[in-house]
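A short write-up of the structure that comes next.
The values are calculated or read from the model by the stated rules, or taken from the named source; none is laboratory data. Everything numeric here is computed off the predicted structure, so don't read it as measured data. A quick note on method: Cβ atoms are made from the backbone with ideal geometry, for glycine too, and the neighbour counts reach across all protein chains shown.
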Amino acid sequence: MKNLIALFLLLSNVLNADNTYNISGKITTDDESLPYVNVYLKGTSKGAVTREDGGFIIENVKEGNYTLIVSYTGFKTIQKPITLKGGHINLDINLVEDELLDEIVITGTLKPVTRLESPVPVEVYSPTFLKKNPAPNIFESLQAVNGVRPQINCSVCNTGDIHINGLEGPYTLVLIDGMPIVSGLSTVYGLSGIPSSLIEQVEIVKGPASSLYGSEAVGGLINVITKLPENAPLVFVDSYTTDWEELNVDLGFKANVGKKATMLLGANYFNYSNPIDANNDNFTDVTLQDRISVFQKWDFKRQNNRAFSLAGRFFYEDRWGGEMQWTPEYRGGSDVYGESIYTTRYELIGKYQLPIQEKMMFQFSYSDHDQNSAYGNTLYLAQQRIGFGQLTWDISNQNHDWLLGVSGRYNYYNDNTPVTEQEDEIVIPSLFLQDEIKLNEKHKVLLGARYDYDKRHGNIFTPRIAYKFKPTEHDIFRLNAGTGFRVVNLFTEEHAALNGARDVIIEEELKPERSYNVNLNYLKKLYTKSGKIIGIDASAWYTFFTNAILPDYDTNPNQVIYDNLSGGASSLGFSVNIDAIITSNFKALAGFTVQEVTQKEDGIKQQQILTEKYSGTWSVSYKNFNHNFLIDYTGNIYGPMRLPILGDLDPRLPESPIWSIQNIQITYDGLKNFEFYGGVKNLLDWTPNKGNPFIIARANDPFDNDVVFDGNGNATQTANNPYALTFDPGYIYAPNQGRRLFFGLRYMLK
């Protein structure tokens, strides 16, 4: 009997071997061999990588129908159906270069142009980049971008803003689809509500852009471009959870409405309702949040492919942080300290190309923001409405490419603070002109200027110039210079002016800030014979500010003082990004920034608070095509920054140590339409508690009931207060959330 079984197994193996064959061939492009190309059978573990001569062989494949996938970075992926039956197959496949490597950008010049041709350096980040470390909002996603740092401004409510090249968040203008929708109140609170799954790409310009975008575009701008409905998948779902019991869900779908309209509907829901106090100060380490954002976008087909689109978004968030025993019944009271913020926002964005022969585009946006906040027993109730309209005329004439624009901005703001005695309402008309001059194939110059009239401050003029030199096909030099201006509203931009921990002192009527900037950029692409692609993007910049408005934490530990700096403030630095595609399954991106952000007054020069001296980011990705998994290792590192301590007796570190947040993720995409992913965030378990006796000053006495003050209002040393401190949650420089596991699922039906 055993002999019969052995004979049967032997015959089965022989028959099975007879029914397996080889798939071989050669991969080329323009009659040149391509080595290191991934060739594999979809849904199986069978695959190969091409040799130096472009040849490959996949051995011992059973008979059947397959999809052969040929994938190589820089070229369009090919999916070829094949049938294997009765013999070996030999294939010769020619790959075509992917033109999408040179991304289309619009942020630098308000016109669609390839990134390599733009005279203004624009950094572009795709959804693939954002997915390497999944986050519930764009605010957290940008921590992987070199020179860009999400800054948390409060260790209790965890509100924050985005720093570019060391400059405070209010200097950064955030756009959605080119419209200045995220500003004022939403600078602090609104960045958390943009669903990552709806993003087509993120464009970043470092340096002033006020000549095109007006006030707030002083340090740089971030343009979040949402997907066109026709390019979006039919259905998409992306959801993940963590062992901290966070839940994030992105979902949406698109539909054709009639023959001339396409609609995209997306929603994001985020919930974190698990109070954790790992540092044992009786305060929540991370703010509790319950947030929903619903986005709808319509795209209409018109004659001659003229543009017409409308988009709207509703956003609501309920967040609180504070003492662990806090419940909503304590909101606004003096018994238990908590910071509770209810945010409601409505947004509308649209663009319409006029039905005339001239290329004229009208764009508009409107936002309505209602803020209901309680910082302990201090209530902050605010309403803001912003309307924006812009008409541009695009004119091409031989070597000149003109852009003429007129715009108007309507601002309404009101709150319950004593500073706002009556509602603030203003209309700011603007006119701008830009000429992009092509001198020859290697030289291009852009001249631009903007005029704004603000009745509070009069006439405002902001010019700029950009020069692009392209000595070779793969080398580009760009020199940009310009000015910027910013009108400040402290209570919509500065969390320190709201939380009630310090008295707010405004010493004078605040004048608009002005900046002068120069930026030199070098971009190079290297293509090696072995198929490697290396990109180098280096920049050096200098920005000088007059009338700078910076919070003064040093003069009096119980006050935050605002006035126009009588001296000057500056940002000087250098950054470099290097991206390398070693093989089609191994990619790396690394960036490093060195900067000096200082302020000088009365002959004293010092580093600005909460600005790092250097920083770095990296992303390493490995794709195993045979087993359908992807590993992403991402991280950042930050150098020392000056911190807002409360006087000489404060035992907390006056300067932060070097710190790093690192993450790892594994993604499996072996099932059709599905991706499973999971990993670890903050591998090193870094929090700002490391090396500090505490983070929140006087966490045991948040209403300063046991603090003794002298005749000048300064806290004094007592047995119950040996460091002479008052309650202060503003000492924070890194996320106060430790290591956590996450697991998620994506589904996409195209």
Could you tell me whether region 614-625 includes any residue that is of a type outside the set (A, V, I, L, M, F, W, C), part of a loop (DSSP other than H, G, I, E, B) and either under 30 Å from TYR337 (Cα atoms) or assigned by TED's automatic domain parsing to the domain that holds ILE732 (or both)? no
Do we have SER621 as touching a residue at least 60 places away in the same chain (Cβ under 8 Å), surrounded by 15 or more Cβ atoms within 10 Å (Cβ to Cβ) and under 20 Å from VAL39 (Cα atoms) here? yes
For a quick check of your reading of the model, give me the residue pairs whose first member lies in region 310-327 and is under 30 Å from GLN296 (Cα atoms), whose second is part of a loop (DSSP other than H, G, I, E, B) and polar (S, T, N, Q), with beta-carbon atoms closer than 6 Å and at least 6 apart or on different chains. ARG319/THR287
Could you list all residues from region 47-85 that are small (Gly, Ala, Ser) and either within 16 Å of ASP30 (Cα to Cα) or surrounded by 14 or more Cβ atoms within 10 Å (Cβ to Cβ) (or both)? GLY47, ALA48, GLY54, GLY55, SER71, GLY74
Determine whether region 582-604 contains at least one residue that is basic (Lys, Arg), over 30 Å from PRO654 (Cβ atoms) and under 27 Å from the mean Cα position of the chain (by Cα). yes
Identity of the residue in region 240-255, part of a strand (DSSP E or B) and acidic (Asp, Glu), that ends up modelled with the lowest pLDDT: ASP250
For region 641-666, which positions are touching a residue at least 60 places away in the same chain (Cβ under 8 Å) and part of a strand (DSSP E or B)? TRP659, ILE661, ASN663, GLN665
Filter result for the condition that a residue is farther than 24 Å from VAL286 by Cα and small (Gly, Ala, Ser), over ALA307, ALA374: ALA307
If you check LEU446, LEU431, which single one turns out to be surrounded by fewer than 16 Cβ atoms within 10 Å (Cβ to Cβ), modelled with pLDDT of 90 or more and in the same structural domain as THR617 (by TED's automatic domain parsing)? LEU431
Answer residue from region 360-373, given it is touching a Ser or Thr at 6+ places or on another chain (Cβ under 9 Å) and surrounded by 22 or more Cβ atoms within 10 Å (Cβ to Cβ) and is nearest to SER334 (Cα to Cα) among those: SER373
Mind checking which strands (runs of 3 or more DSSP E) fall wholly inside region 27-77 and carry at least 1 residues that are over 19 Å from GLY670 (Cα atoms) and of a type outside the set (Val, Ile, Thr)? 55-62
Under 6 Å by Cβ, and 6 or more places apart or on different chains, what pairs join a residue from region 73-96 that is hydroxyl-bearing (Ser, Thr, Tyr) with one that is at pLDDT 85 or above? THR83/ASN65
Could you look through region 91-140, keep only residues that are part of a loop (DSSP other than H, G, I, E, B), out of contact with any strand residue (DSSP E or B) (no Cβ under 6 Å at 6 or more places or on another chain) and charged (D, E, K, R), and pick out the one that is modelled with the highest pLDDT? LYS131
Name the single residue that is nearest to GLU358 (Cα to Cα) among those in region 432-459 being of a type in the set (A, V, I, L, M, F, W, C) and in contact with a Ser or Thr (Cβ under 8 Å, 6 or more places away or on another chain). PHE432
Residue list for region 698-749, filter: among the hydroxyl-bearing types (Ser, Thr, Tyr) and surrounded by 15 or more Cβ atoms within 10 Å (Cβ to Cβ): TYR723, THR726, TYR731, TYR733, TYR747
Determine if region 277-300 includes at least one residue that is within 30 Å of GLU358 (Cα to Cα) and in contact with a Phe, Trp or Tyr (Cβ under 6 Å, 6 or more places away or on another chain). yes
Any idea how many residues of region 394-413 are loosely packed, with under 15 Cβ neighbours inside 10 Å, more than 29 Å from the chain's Cα centre (by Cα) and not in a loop (DSSP other than H, G, I, E, B)? 5
